[in-house]
1. Is there a quick way to get the dipole size of the chain? I mean about its Cα centre, with the Cβ of Lys and Arg at +1 and of Asp and Glu at -1; what is the value in debye to the nearest 20?
2. Report the trypsin sites (Lys or Arg not before Pro) located in the range 302-369 that are in a DSSP loop and have at most 16 other Cβ atoms inside 10 Å of their Cβ, or state none.
3. Compute log10 of I(q)/I(0) for the range 60-361 with the Debye formula, placing one identical point scatterer on every Cα and leaving out solvent, at q = 0.10 Å⁻¹, to two decimals.
4. Compute the Cα gyration tensor for the range 274-421, then decide on rounded, prolate or oblate, letting a ≥ b ≥ c be the square roots of its eigenvalues: rounded whenever a/c is under 1.5, prolate when a/b is larger than b/c in the other cases, and oblate in all that remain.
5. Roughly how far apart, in whole Å, are the Cα centres of the range 179-208 and the range 28-84?
6. Accessible area per residue of the chain at 1.4 Å probe, in Å²?
7. Just tell me which lysines come within less than 29 Å, Cα to Cα, of Lys268; anything on the same chain fewer than 8 places away is out.
8. Counting helices only, and only those DSSP H runs with n ≥ 4, report the 222 nm mean residue ellipticity of the chain as the sum of -39,500 (n - 2.57) divided by its residues, in deg cm²/dmol to the nearest 500.
Amino acid sequence: MEFRVLPSGPVTLQNVHIPACFLDQPGDLIRTEISLADGKIAAPQAIAVDMGGAMVFPAFVDMHTHLDKGHIWPRSPNPDGTFMGALTTVGQDRVAHWTAEDVRRRADFALRCAYAHGTRAIRTHLDSVPPQDDITWPAFSDLRAEWTGRIDLQGVCLIGCEKFSTDGEFRHTADLVTEHRGVLGMVTYPVDDLAERLTGFLTMAAERGLDADFHVDETMDPSSETLRAISLAVLETGFAAPVTVGHCCSLSTQDEARAMDTLDLVAKAGLSVVSLPLCNLYLQDRHRGRTPRNRGITLVHEMAARGIPVSFASDNTRDPFYAYGDLDMLEVMRQATRIGHLDHAGHDWPRAFTTHPAAACGFSAPSLAVGSPADLVICKARNWTELFSRPQSDRIVLREGQSIDRTLPDYAELDDLMEPA
Ligand SMILES: [Zn+2]
């Protein structure tokens, strides 16, 4: 059979390989069959095709992105590849360009990429410093409505922790987040009264019934320990809604015993961690004329050993925080596996791109059980070495059992937005 052509009616896909963790079984890949009918996983069907050993995944969940920043690189490149270069450049671009239409068109472009690559749910952070919050959140809500049925979307407000106060303009932002069914988020870094700010932040989220999602310690500076502060704040306030922490890079440069002690607190506080290794590789330990020594990846194995749910996600795409990327979770899986040595480390890591992010965000759980939606990514690879050696550009993406058009949007579509200010 030609790999890319599947019958559109009920069918049994014979001779496929599925990671055992998706079948609630021990071990690595399981050679099996999977049947589809009426858009759902089904009992065996009369028509069968031999898939030649193809690997099958449930569609992906990308739980940390920045759709509002995406694809501004041509008009606002990072001048030196550093974190500060990114922060400054994005700030200038936001003020100069981020109308509702500009944000909507770039975000829609990014969503079409993600959809074509096999992603079914996305959480995005949204720069929410006033007056941007009033511009972006309604535009995001419109986009979410347009994408219903293709990609489930969640928004998180993004501000620096110095911009947070319980009685200032952030109250309005938090009201917008509530109105648009979002998640309360901010970036944490060491400031004198961080503990107080965190208590206020969690109280505000609890009053509004919101989950929390933080950008945490995105630095190689070992003295940045805001992950510890967040864990303590959650434990002290008894904040009960899900809390996600992203990045947590400085754990990788801290004293080992201190880092492990912090991880014990993270486990106790019940936090979910999302690692963003592609963006970290780009920004962390970058110094002109000096080869980077540190990778910036957080301590994913030590977290997993403590039962902390770890996910991986895309983060930025073609903006000053990361010059590359296409919201392709197979690329994230391939890179995370190499960067974090997920190979030779048990067989549960495929959950970090599917099950764990879905649980952390409250998206529907991926399932290959009979009756579940047939939202699948099928790759012409029979095992991990074949999978990760090629970009899988010829993968099949099924949504409700139907093979979707995987044509990627043309960058030239955005050219008229890219005139420098
Ligand atoms: Zn981010």
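1. 1080
2. Those satisfying the criteria are Arg306.
3. The calculated log intensity ratios at q = 0.10 Å⁻¹ are -0.49.
4. oblate
5. Spelled out, the Cα-based centre of one part sits 32 Å from the other.
6. Ligands and nucleic acids excluded, the result is 41 Å² per residue.
7. Within the straight-line limit of under 29 Å, Lys268 reaches these lysines: Lys163.
8. -10000 deg cm²/dmol
The values are calculated or read from the model by the stated rules, or taken from the named source; none is laboratory data. Note that the coordinates shown come from a computational prediction; the quantities given were computed from them, not determined experimentally. Don't worry about glycine lacking a Cβ; one is built from the backbone with ideal geometry, like all the others, and counts go over all protein chains shown. With ligands, DNA and RNA removed, areas are computed over all heavy atoms of the protein, side chains included. Shrake-Rupley method; radii C 1.70, N 1.55, O 1.52, S 1.80 Å.
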